[in-house]
1. Set the Förster radius R0 to 25 Å, insert the Cβ-Cβ distance between V209 and T175 as r into 1/(1 + (r/R0)^6), and round the FRET efficiency to 0.05.
2. Which order do peptides 103-114, 265-276 fall in by mean Cβ count within 10 Å, highest first?
3. For segment 190-232 and segment 307-321, compute the distance between their C-alpha centroids and round to whole Å.
4. Given points 7 Å out from each Cα along the Cα-Cβ axis, report the K269 to S114 separation in nanometres with one decimal.
5. Provide Rg and Dmax in Å for segment 259-386, with only Cα atoms included in the calculation.
6. With every protein chain present, what is the per residue accessible area of segment 1-110 (1.4 Å probe, Å²)?
7. Return the whole-Å distance between the Cα centroid of segment 233-249 and the Cα centroid of segment 91-165.
8. If each residue of separation counts as 0.36 nm, what is the full-extension length gain between V387 and Q277 once their alpha-carbon separation is subtracted?
Amino acid sequence: MTNPNQRLLLSGNQAIARGAYESGVRVATGYPGTPATEIVESASTYGTLEAMWSVNEKVALETALGASFAGVRSMVSMKHVGLNVAADPLFSASYTGINGGMIVVVGDDPSAHSSQNEQDSRHYARAAKLPMLEPSDSQEAKDYVGIALRLSEQFDTPVMLRLTTRVCHTQSRVTLGSPDPSRNGATGFHPDFDKYVLLPRQAVSRHAVIEDRMRDLAATAENLEINQIQLRDNAVGIITSGMCYGYVREAFPHASVLKLGMTYPLPAKMIREFAAQVERLIVVEELDPFLEEQVRALGVEVEGKKWVPRVGELTPQRLAASFQAAAPQPIENGDPEVPGRAPRICPGCQYLGIFSVVSKLGVTVAGDIGCYTLGSFAPWKGIDTVVCMGASIGTALGMEKALKSKGRGRILAV
């Protein structure tokens, strides 16, 4: 289990699991998907944690929510596209609230290293009206689990913890803590019809509770220890969060920074205070202008996506180049000294035989998400569409219905 105060190199995913263990989480669920897979895998190494895979992200979230209802701290984790699958119970969990603290960990994938899109999951926090935290390194990943659970129980709400691929997989030094001795077992489920039974009348009354909760969370954000104003040169002030904080400190070491650990709801008073102390205010964030739009809605003059790239993962070099050019710079193409290598199906994989046959059939192939999508590459070219997990049969059926007799016997789902 390792000793308290010991220092280890941990990935962000390993640190999340360690934070769950130290914070007394008793049930950890999830569905595997890069970059978040190792969270449940790591959690399973701690004997006090019941860690399990579910058949999909929806069931995983519902299982964690049920554990929370029964009075233990729980955690569910998934990748960004998995949050779409879990969206139905996610929105309702915001209405029911919790009993034991509950966190929803999502791993976003800027640059789509292993995903079919670059979805920005921060929008879910705003849409579902849930507080959201974003750690910038492994130490914060561990520590923010405890902070998130504290907020969860204080405000009767699940709390989102948003990571990105670089936080999930980068290793950094973490100082371990001790497990919380007060978290020994379930306190039990206590029936509350108006809270847990979301019939239409209850849903409306619970919505009013949510609006009050978000107002109180915004007030708390003003004094939350993970939101920090770091004053240096006042010529440029940068608002940022997550891994982008590291990029900003490397690319602009002399800039003043407002580092946001909680990115929803935002501390409006702190943002205005910071803006008043710098001559030029910039938001640096990956993907969508999520923070920028909220800061601008406060009536604060701010720059952002007019020169910070919207597409792909940021790096310190890409940030500096974009700032110098006053325009978004393209993604670097890697080290020119290192030859590129396309991903391949593993030697001995049974799909090698399947795609060798499929490629000779002359049919349209609707594919699915998984390593076998590599069958779309030469020499097989055995997949024609890939949309999302489970979409192959539905896509093939739609093609057949549209093409009628022209498509009969000419469409295959993998």
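The values are calculated or read from the model by the stated rules, or taken from the named source; none is laboratory data. For clarity, every value in this text was computed on a predicted model and none was experimentally measured. Glycine also receives a Cβ, built like all others from the backbone with ideal geometry; neighbour counts cover every protein chain displayed. The protein model used for the area step is the full one, side chains on, heavy atoms only, and it has no ligands, DNA or RNA in it. Shrake-Rupley method; radii C 1.70, N 1.55, O 1.52, S 1.80 Å.
1. Numbers: r = 38 Å, r/R0 = 1.50.
Once the sixth-power term is evaluated, E becomes 0.10.
2. On the way: 103-114: 23.8, 265-276: 17.9.
Listed from highest to lowest mean packing, they are 103-114, 265-276.
3. Here the answer is 34 Å between Cα centres.
4. Using points 7 Å along Cα→Cβ, the separation is 4.4 nm.
5. Radius of gyration, then largest Cα-Cα span, for segment 259-386: 22.8, 67 Å.
6. On the way: 3390 Å² over 110 residues.
Per-residue accessible area for segment 1-110 comes out at 31 Å².
7. Comparing the Cα centres of segment 233-249 and segment 91-165, I get a distance of 21 Å.
8. On the way: separation 110, 0.36 × 110 = 39.60 nm, distance 4.70 nm.
Stretched fully, the V387-Q277 segment lengthens by 34.9 nm.
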